1. When the residues of segment 115-164 are narrowed to those that are small (Gly, Ala, Ser) and crowded, with 19+ Cβ neighbours inside 10 Å, which ends up farthest from the chain's Cα centre (by Cα)?
2. Here is a list: 200, 193. Which entry is of a type outside the set (Gly, Ala, Ser), at pLDDT below 90, surrounded by fewer than 18 Cβ atoms within 10 Å (Cβ to Cβ) and outside any helix (DSSP H, G or I)?
3. May I ask you to list pairs of residues, at least six apart or on different chains, whose Cβ atoms are under 7 Å apart, with the first in segment 1-27 being not assigned by TED's automatic domain parsing to the domain that holds residue 102 and the second being of a type in the set (D, E, K, R) and at pLDDT 90 or above?
4. Could you check segment 16-118 for helices (runs of 4 or more DSSP H) lying wholly inside it with 1 or more residues that are closer than 30 Å to residue 156 by Cβ and modelled with pLDDT under 90?
5. Within the set of pairs 6+ apart or on separate chains, which have a first residue in segment 144-172 that is not assigned by TED's automatic domain parsing to the domain that holds residue 42, a second that is surrounded by fewer than 16 Cβ atoms within 10 Å (Cβ to Cβ) and of a type in the set (A, V, I, L, M, F, W, C), and C-beta atoms under 9 Å apart?
6. Can you tell me how many residues within segment 42-63 are surrounded by 13 or more Cβ atoms within 10 Å (Cβ to Cβ) and without any contact (Cβ under 8 Å) to a residue 24 or more places away in the chain?
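The values are calculated or read from the model by the stated rules, or taken from the named source; none is laboratory data. Here the structure is a predicted model, which means the values were calculated and not measured. Positions of Cβ are backbone-derived with ideal geometry, glycine not excepted, and every protein chain shown enters the neighbour counts.
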Amino acid sequence: MQYEYTLHGHVLEQMLTAKYLGLNLHERLSWNFHSDVTSEKANKTRSFFTRNVHSCPKKVKDACYTTPGSLQYVYLLTIAFSIGRSTCLLSVRPLMEYATTAWAPHSAQNCYKLEQVQRRAARFACHRYERTASVTAMLNDLKWETLETRCNNQRLTMFYHMQHNMLSITPANYLAPVQSSRSRSGHDQMYQVPYAQTDVYKYSFYSFFPATVCMWNALPAPMIQSGTLSFKADISDYYGH
């Protein structure tokens, strides 16, 4: 059933998608469209670097992929290279990782799209385009974690901040703690995983808690009780290697 909404006497146009706070929301609450837009934008940025900094050293290409910046400075960046200044102001990866604590792709298709951008960037950084060259070896040499691993780390770090009152979001307001008598293993800060039967709840707007609580409950107790800096390093090792 469709309903017309009006504002000051004007009928509002119905849209399939809308951009809000940098995220492309779809009427079906699916992240497929946002994944397409993000991978396309990241590929265009990667192609820009391929054309303009192809002769630079590997560490410069590495920085072009991993270091945040803004597009208006790219031209100045190219000039800086020509006069010997190895400064990088734009990158590809932050485009794909923007707000992933909220929208992180879950389907194999969407994960593949974004991981392929990184794999192409690894070939560019290492200047290895042979079909027999191992992209996995390149990623290990560059010390680039998979985007899925980095997303999991970001979600767990955010949950850690919430759990330790570093954010104005309290997990206890949204989740029920696991009773100690029900858990013979794990740690004393575990939560019940929210029940989710439909993809709308599991993978769309409310995806953070169902996905993150599962990972949080599986962490070792010493890691949960560590300091912030130690926690970030520990989860990177725990999930990355």
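1. Taking segment 115-164 as the starting set, the residues that turn out to be small (Gly, Ala, Ser) are 121-122, 125, 133-134, 137.
From what is left, the residues that are crowded, with 19+ Cβ neighbours inside 10 Å are 121-122, 125.
On the way: 121: 16, 122: 18, 125: 21 Å.
The residue in question is 125.
2. 193
3. none
4. 32-52, 58-66, 93-97, 100-103
5. Qualifying pairs under 9 Å: 158/167; 158/169; 160/166; 161/167; 161/169; 162/169.
6. Total satisfying the criteria: 1.
This table checks each residue for (1) out of contact with any Pro (no Cβ under 8 Å at 6 or more places or on another chain); (2) among the small types (Gly, Ala, Ser); (3) over 21 Å from residue 96 (Cα atoms).
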residue	(1), (2), (3)
126	yes, no, no
130	yes, no, yes
154	yes, no, no
162	no, no, yes
166	yes, no, yes
